[in-house]
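The values are calculated or read from the model by the stated rules, or taken from the named source; none is laboratory data. Only a predicted model underlies this, so the values are computations on that prediction, with no experimental measurement involved. Quick reminder, even Gly has a Cβ in these numbers, built from the backbone with ideal geometry, and neighbours come from all protein chains shown.
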Amino acid sequence: MSEIAIKSKAPREPLFSKKNKKLITDPLTDNNPVTIQVLGICSALAITVQVSQGVVMGLSVIFVTVMGNLLISLLRNVIPSKIRIIVQLVVAASLVIIVNEVLKAYLPDISEKLSVFVGLIITNCIIMGRFEAFAMANKPWPSVLDGFGNGLGYAGLLVLVAIFRELFGSGTLGGIPIFGNSLPGEESGLYAMGYANNNMMILPPMALVIVGCIIWVQRSRNKSLQESH
Amino acid sequence: MALNKESNAYTFGFAIALVIVVGTILASLSLGLKDKQEKNGVVKKKMDILKAMLPMEEANKIDRSNAEENFNKYVDLKNALVLDMNGKPVEGNAFDIDIKKDYKNKTLKESDKKFPLFVAQKDGKKLYVIPIIGKGLWGPIWGNLCIGEDMRTVVGASFGHQGETPGLGAEITQQFFIDRWIGETILDENGDFTPFEIVKDGSGPKPQKVDGITGGTITSKGVEEMANRGLSVYATYFKSNMQ
């Protein structure tokens with residue numbers, strides 16, 4: 001108990017101090033969970049075919065990382081260390097079930113579109129990674145910011161990949177045709193000139209290639225990210 | 001008394017408490033939202049039936065808020081029929097039959113399955129809506145086929161899926177694919193059932209042939225299997241009732 005008492009006497013730092021701001025901005029750039037830590041790749045492959053799916057998936061993951069980090073951080077001093085991973089898993093799984101049930105009841109159309117992918121948030125390594133690496137050792141407020149930052153970093157990358165894949169794979173963005181009508185027999189716009197959608201883009205391997213390209217660009221712009229060998 | 005957080009008793013105690021708390025929260029949430037979710041399911045079913053029977057412009061106007069009202073306007077559930085596997089009408093409530101559940105149920109005998117047939121009225125003409133279910137590449141696919149007053153021409157359709165690949169198999173829900181079904185006939189002049197074939201070679205405009213979806217072959221084949229299996233039951237009923 002004495003330990004906690006001492007901590008509360010330390011001078012309060014402002015809610016958005018420099019250190020706290022870094023918690024949000026870091027995962028967006030030089031510590032992105034997907035491109036730098038290479039976590040959450042599996043779902044980045046599965047649901048980046050359409051931008052709208054990526055957006056909703058990103059929002060759901062942000063909710064789970066923020067709420068989960070908060071809960072784990074509040075419980076961090078009472079969780080027995082022997083079963084901490086299981087406890088984290090239970091928290092993540094419960095939050096995902098809550099998201100799924102609420103979506104089903106209040107946003108049935110979106111829930112239908114996402115179908116199994118909401119359940120798959122549990123398997124997203126970013127969530128367990130942030131619980132274990134950050135929330136277990138930090139106070140609630142920084143944990144919330146860290147969860148938000150990482151969720152946002154994940155969501156941002158998802159949308160970026162989805163923009164490439166939907167634009168070149170289906171010729172649409174958010175369901176709106178960009179290059180004209182591609183239906184056989186009634187082509188218009190670019191399609192009338194012989195342009196064809198790249199079906200490779202729709203298949204999961206292309207997501208890996210795009211993520212690879214993003215990592216390449218990011219590393220060549222920022223030398224500090226390059227390994228020295 | 002200091003709590004020993006490394007002790008087995010504490011660990012067990014924490015685990016039990018956690019399970020009880022989480023279990024209670026999730027159970028009450030599930031119970032609390034169940035009514036709303038079930039109601040969503042009913043509305044969705046009505047929307048699917050309406051989308052199959054209405055022309056595109058009107059079908060696009062159907063959403064969750066006006067589905068109930070339009071459904072009551074066009075479909076009288078009192079006229080709905082329940083058929084057995086031989087196409088004979090039997091007793092039962094057509095709307096409550098869950099063909100998805102029956103399809104998945106491996107222990108249910110084919111002869112015990114019931115098949116709903118919804119009868120709708122639009123502009124003084126009778127329309128027959130047939131719900132069908134099958135499987136695509138990744139999961140279940142389903143749909144409704146609407147047969148016109150002559151009991152043999154497809155006048156409308158709607159398809160749905162759970163997790164087909166967006167841009168490929170998932171395209172079955174699009175209007176261009178539905179349009180390929182409209183005008184096909186399910187019975188020949190003698191009233192015998194004529195199955196469909198999903199084709200790749202672009203011969204879709206020919207009778208009994210429907211163009212599949214590029215890159216969505218397995219889903220398209222799933223639609224073919226689902227439509228033929230589903231319609232074969234109703235074909236016998238239509239044959240015996242054709243004027």
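When we screen B:Asn72, B:Asn93, B:Asn86 for residues that are farther than 18 Å from B:Met53 by Cβ and without any contact (Cβ under 8 Å) to a residue 24 or more places away in the chain, the only hit is B:Asn93. Cβ-Cβ contacts under 7 Å between residues 6 or more apart (or on different chains), taken from a first residue in the range A:197-215 that is in contact (Cβ under 8 Å) with a residue 24 or more places away in the chain and over 17 Å from A:Gly153 (Cα atoms) to a second residue that is among the polar types (S, T, N, Q) and outside any helix (DSSP H, G or I), are listed as A:Asn197/A:Ser182; A:Ile202/B:Thr165. Within the range A:78-108, the residues that satisfy the criterion of being touching a Ser or Thr at 6+ places or on another chain (Cβ under 7 Å), at the interface with another protein chain (Cβ under 7 Å from one of its Cβ atoms) and in a helix (DSSP H, G or I) are A:Lys82, A:Ile83, A:Glu101, A:Lys104. For the range B:140-152, the criterion of being surrounded by fewer than 22 Cβ atoms within 10 Å (Cβ to Cβ), over 17 Å from B:Leu231 (Cα atoms) and not polar (S, T, N, Q) is met by at least one residue.
Residues of the range B:196-234 that are crowded, with 16+ Cβ neighbours inside 10 Å and part of a strand (DSSP E or B): B:Ile198, B:Val199, B:Lys209, B:Val210, B:Asp211.
Taken over the range B:195-243, the residue count meeting the criterion of being touching a Ser or Thr at 6+ places or on another chain (Cβ under 6 Å) and either touching a residue at least 40 places away in the same chain (Cβ under 8 Å) or of a type in the set (S, T, N, Q) (or both) is 2. Scanning the range B:18-50 for residues that are over 30 Å from B:Thr173 (Cα atoms) and more than 10 Å from chain A (Cβ to nearest Cβ) gives B:Ile20, B:Thr24, B:Ala27, B:Ser28, B:Leu31. When restricted to residues that are away from chain A (no Cβ under 14 Å), surrounded by fewer than 16 Cβ atoms within 10 Å (Cβ to Cβ) and over 18 Å from the mean Cα position of the chain (by Cα), the range B:61-73 contains 5. Annotation for the range B:103-126: at least one member residue is surrounded by 14 or more Cβ atoms within 10 Å (Cβ to Cβ) and part of a helix (DSSP H, G or I). Scanning the range B:51-60 for residues that are part of a helix (DSSP H, G or I) and in contact with a strand residue (DSSP E or B) (Cβ under 8 Å, 6 or more places away or on another chain), we see that the one that is farthest from B:Val119 (Cα to Cα) is B:Ala59. What is the one condition in (1) of a type outside the set (S, T, N, Q); (2) modelled with pLDDT of 80 or more; (3) loosely packed, with under 13 Cβ neighbours inside 10 Å that A:Leu23 does not satisfy? So A:Leu23 meets the others, but not (3).
If you check every pair at least six apart or on different chains, which have Cβ atoms under 8 Å apart with a residue in the range A:33-47 that is under 14 Å from A:Cys213 (Cα atoms) first and a residue that is acidic (Asp, Glu) and surrounded by fewer than 23 Cβ atoms within 10 Å (Cβ to Cβ) second? Pairs that qualify, where the first residue is under 14 Å from A:Cys213 (Cα atoms) and the partner is acidic (Asp, Glu) and surrounded by fewer than 23 Cβ atoms within 10 Å (Cβ to Cβ), are A:Ile36/A:Asp30. State whether one or more residues within the range B:117-136 are within 14 Å of chain A (Cβ to nearest Cβ) and in contact with a Gly (Cβ under 9 Å, 6 or more places away or on another chain). Looking for residues that are within 14 Å of chain A (Cβ to nearest Cβ) and in contact with a Gly (Cβ under 9 Å, 6 or more places away or on another chain), one finds at least one in the range B:117-136, hence yes. The set of residues from the range B:1-40 being surrounded by fewer than 12 Cβ atoms within 10 Å (Cβ to Cβ) and under 19 Å from A:Ile110 (Cα atoms) comprises B:Asp35, B:Glu38. Please indicate, with yes or no, whether at least one residue in the range A:171-190 is at pLDDT 90 or above and either within 12 Å of another protein chain (Cβ to nearest Cβ) or in contact with a Lys or Arg (Cβ under 9 Å, 6 or more places away or on another chain) (or both). No - not one qualifying residue is present in the range A:171-190. Apart from one condition, B:Asp96 fits all of (1) exposed (fewer than 12 other Cβ atoms within 10 Å of the Cβ); (2) touching a Pro at 6+ places or on another chain (Cβ under 9 Å); (3) within 14 Å of chain A (Cβ to nearest Cβ); the exception is (3). Beta carbons closer than 9 Å, at least 6 apart along the sequence or on distinct chains, pair a first residue in the range A:218-229 that is surrounded by fewer than 10 Cβ atoms within 10 Å (Cβ to Cβ) with a second that is assigned to a helix (DSSP H, G or I) and at pLDDT 75 or above for A:Gln226/A:Arg219; A:Gln226/A:Ser220.
In the range A:30-44, the residue that is farthest from the chain's Cα centre (by Cα) out of those that are buried (at least 17 other Cβ atoms within 10 Å of the Cβ) and farther than 13 Å from A:Gly129 by Cβ is A:Thr35. Entry remark, the range B:169-195: residues being of a type outside the set (Val, Ile, Thr) and over 30 Å from A:Lys113 (Cα atoms) number 8 in total. I'd like the residue in the range B:171-194 that is within 11 Å of another protein chain (Cβ to nearest Cβ) and touching a residue at least 40 places away in the same chain (Cβ under 8 Å) and, out of all such residues, is surrounded by the fewest Cβ atoms within 10 Å (Cβ to Cβ). Result: B:Gln175.
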